[in-house]
Structures are given as structure tokens and as C-alpha cells.
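Heads up, the thing below is written out as C-alpha cells.
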Amino acid sequence: MIGVSTPHVLLGLLAQGSRHGYELKRAHDQRLPRARPLAFGQVYATLGRLQRDGLVAPAGQDRDGGPDRTTYALTGAGRDALDLWLAEVEPPLPYVTSTLFAKVLVALLVADAERAREYLVAQRRAHTDRLRELTAVKTDPSATLDDVVAADFAIAHLDADLRWLHTTLERVADWHREVHS
Amino acid sequence: MTELQARGVVKAYGPTPALRGITLDVAEGEIVAVTGPSGCGKSTLLYCLAGILRPDAGQVTWRGERIDTWSEAARSRLRRTEFGVLFQFGQLVPELTAAENVALPLLLAGTGRRAGRTAALAWLDRLGVADLADTRPGEMSGGQQQRCALARALVTEPRVLFADEPTGALDTLAGEQVLGHLVRLSREQRTTVVLVTHEPRVAGYADREVMLRDGVVDGTGLGIEVPSSGGPGRSTGGLGLLVGDAGAGSVQDGLR
Ligand SMILES: Nc1ncnc2c1ncn2[C@@H]1O[C@H](COP(=O)(O)OP(=O)(O)O)[C@@H](O)[C@H]1O
Ligand SMILES: [Mg+2]
């Protein structure tokens, strides 16, 4: 799966108006509800790098002061960087790097089709449980569109993985033969 | 309470075995997905549980009562009053408006025309298609038709809703809207749901998944029931008699 580009997301959030680190973290976790929550340290470290590169600039201090209360604003260069990033199409799955895939192959190398099948079945169960959990999140009447769209993303990927797990279960015996021929 | 129970259910179409000993319990209010590859017997199991088809062997029990031995008339009455059925598509009567379609099961059960319309309008509203009350199916999108069909399946407030690939003919978004309504309304009414699907993401709406494979519950699949009686290879009586029974026609006749 393609990783989230945290610097660009922070720039995007700053495009709505200047904020300090704490507000940025809150906005991030709210808008990307199914992402791994940002640690404060990560926010400040990222802001530091963005400032060094001239993409954000300090825009003032909150009343109570302190380094954590510095407000940051998007610079012109930051806006340009964002536009470039948005114009760039992500490479569609350039490598097949899934651990799921690797595990089945290694199971076939070190053991047999049965071992691979056991793993596939266990993984399928875990995927199914997670799919059900996310479907519940999505159908909860209090879910916001942020929640729904984020859950949708995960559900679509789990669904694709599950199809692959099903098909591979059917093929694992033949695959084992090929690996060992 | 156990809503539905299958014990060693066997069913064949002529020489083709479709179910080879299915044992399964569905609790009241539970949403169970029946999944598995095409041809594994999902629809046949649904028809047997819903009393549309009679198993060749084994038992089907609804709320403690064995229903597979009931007469066709008795099973048909059960389907009209206690069960609701939703199929992939094409269940609405094309000549009738949405409201008339939804009211149909009530009229068949003896409800008056006006009360039937009032109830139908309320259900269309719960499904977000109140504005289509006087529209005929031909002028609706697939998703709208399926919401009307769901309203019609639920208008009698059935104990059990049987849904066979209810979103199979819809695009993803329309399908999700139908499933969202189906799950929400079933939970509100404590309706038990048997949801047949071959799609993992549809099965995600259920509380539990029962996987079939070649007419048996796939015990290795998700660790649910393993067939305990009437396993593979068991004789299937009544050969040849039931070919075509599960055709769309007979199923819809059961609804009308
Ligand atoms: N009316 C019928 N006449 C003959 N064979 C049928 C009929 N309906 C289903 N079958 C066969 O029974 C098996 C199970 O079918 P079905 O229950 O429709 O599976 P699924 O719903 O999982 O695709 C398949 O081999 C199918 O070809
Ligand atoms: Mg089917």
C-alpha cells in the first residue's frame, strides 16, 4: 500500500489557514480518522523540516507562548510544492511487496502446501474480522464522511486481499509443485 | 433463541448434488452471511431454509418447529407472513408503482388498500425513496428498485429476511446503500438475516460468515460448523423431481 505523505498532508491542512502544531495534529487525526494518529514529536519534527526547506514559516505565537505554541503558515514555495505533488500521479503498484504474498511463498519453500494453506486460512479469518469491524464503523449512524471514506479505502483493500487469499488457497497445491519442480 | 436450524440437509437437482449434508444454526436477530464460490450451493441452501425447496434428506427447523415436512400451502403461508425474501433483481411487478409493489404482501395478507398504502409509504420513506411512491420500476435505477424490493420484503415485519446476492446487480455505491439500509432496519426490528453472497465486502455486513464448498460447510474455512450428519456421498432421494424448482419463476411465485 502507498504510504501517507505526512509533510504534504500538513501542508494541505495549513493551506486552510495557519495553525500551531497541536491544532495540526488534531486536524490530521480528524480528517484521516483511520490513519495511524500522528505523534506530537512527529508533527514538530516535520514542521521543522518544512520550515528549513522554506515551505512553512512561523506566523506568530499564542498568548501563553512557549515553543509548542508557534503558529505556522504555508509559504508561496509551500503552495508550489503542494501543487506539484497534486499534479503527480502515483505509480500504480510498481512492485508486489505484500508480506501476505511473501509468507505464502516462504511457507512453500520451507514446508509444504498444507503449511501455506494454514497460514492463508488464518490470514483470511483475520482479514474477514477486520473487514467486519470497518463495515460496522462505516454503517454506524454517527459516522462522518471522513470515517466512511477512510473505512471504504481499507475495506476495498481488504476485499482485494481476500479475493487473492481465496484464489491462492485454490492454487496453493499447484504452486507448491511448481516451486519444488 | 435459535431462529433457524438445518440438520444434515441434502438436496440434489436430478443427478447433481447441490447440498451434501448442511448443518447450521442461526440465532434470533443474527445476520449470517452464507458465502462461497459460484455453484457451491448457497442459493439452494437459502431456498431450503426459506421453505421454497424441500430437502431430499435432513431437517429444517424454524423456532423449534420442523418446517420441511409442512405442505406447500403451509410453507407458502409461512413465507408470506414470517419470512421476507430479497433477490438480485427483477422482483418488482413492472405494472405496479413502488407503493403498490410494497403494499402487495399486505394486501395478500388481507390488509385493506388504504392501510396498505400508508404502511408502504412509511417503508419507502425509511428506505429514502418516498419520492418514488408513484413511480413504476421501469423508471427507477437499479439501486432504487432494490430499495423498493427491500421495503416490500420488510413491510410484513418478517422474523427472517432471506437475501440472495441482493446487491449483485448494483454498482458498489448503490449496493452499499442497500446493504446499509438492510442492516440498520434488521437491527432495529431484530430481524434475523440470511445473506447469501460471494463477495467478501458484502459478507462484511454480517455478524458471522458460513462458508460453503461443494455443498458442505467448509469447516476449515472460518472455523464455523462442520457437517455433523448426512455428509458427502449420502444418498439423495427424489432424483429428477425437483429440476427447475429453484428457477426464478417458482421463487417469485412464492412471493406473490
Ligand atoms: N434449477 C436447477 N436445476 C439443476 N441444477 C441446479 C439448479 N439450481 C442449481 N443447480 C445446481 O446446483 C448447484 C448449486 O447451485 P446454487 O445453489 O445455485 O449455487 P450458488 O448459489 O452457490 O451459486 C450447482 O451445481 C448448480 O448448477
Ligand atoms: Mg446463487
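Each value in this text was obtained by applying a stated rule to the coordinates, not by laboratory testing. Just so we're clear, the structure is a prediction, and the values are computed from it rather than from any experiment. Backbone-built Cβ (ideal geometry, glycine too); neighbour counts: all protein chains shown.
Peptide B:181-192 has a mean of 1 when you count, residue by residue, the C-beta atoms of other protein chains within 10 Å of its C-beta. Computed extension gain for A:Phe153 through A:Thr97, at 0.36 nm per residue and net of the alpha carbon distance, reaches 18.3 nm. Largest mean-square fluctuation among B:Asp214, B:Asp25, B:Asp171, in a Gaussian network model of chain B whose springs join Cα atoms under 10 Å apart, belongs to B:Asp171.
Peptide A:121-128 has a mean shielding of 3, counted as Cβ atoms of other protein chains within 10 Å of each residue's Cβ. Charged side chains reduced to their Cβ positions (Lys and Arg at +1, Asp and Glu at -1) give the range A:6-87 a dipole of some 220 debye around its Cα centre.
For B:Asp134 and B:Thr172, what does the FRET efficiency come to when R0 = 25 Å and r is the distance between their Cβ atoms, rounded to the nearest 0.05? With R0 = 25 Å, the Cβ-Cβ based efficiency is 0.30. When chain B is treated as a GNM with alpha-carbon contacts under 10 Å, the residue of B:Arg208, B:Arg113, B:Arg20 showing the greatest mean-square fluctuation is B:Arg113.
For the range B:39-83, the residues whose amide N sits under 16 Å from a probe point set 7 Å from the Cα of B:Asp207 along the beta carbon direction are B:63.
Once the Cα-Cα distance is subtracted from the 0.36 nm per residue extended length, the B:Ala27 to B:Val93 segment shows a gain of 20.5 nm. With a ≥ b ≥ c the root eigenvalues of the C-alpha gyration tensor of the protein assembly as shown, is it rounded (a/c under 1.5), prolate (a/b larger than b/c) or oblate? In terms of gyration-tensor shape, oblate. With a 10 Å cut-off around each Cβ of B:193-206, the average count of Cβ atoms from other chains is 4.
What you get for the protein assembly as shown, charging only the Cβ of Lys and Arg (+1) and of Asp and Glu (-1), is a dipole of about 660 debye around the Cα centre.
Taking all Cα-Cα distances within chain A, those exceeding 23 Å account for 58%.
Percent of C-alpha pairs per 5 Å bin in the range A:99-179, short distances first: 3, 16, 23, 18, 12, 10, 8, 6, 3, 1, 0.
For A:Thr167 and A:Ser142, compute 0.36 nm times the residue count separating them, minus their Cα-Cα distance, and round to one decimal in nm.
Fully extending the segment from A:Thr167 to A:Ser142 adds 5.4 nm.
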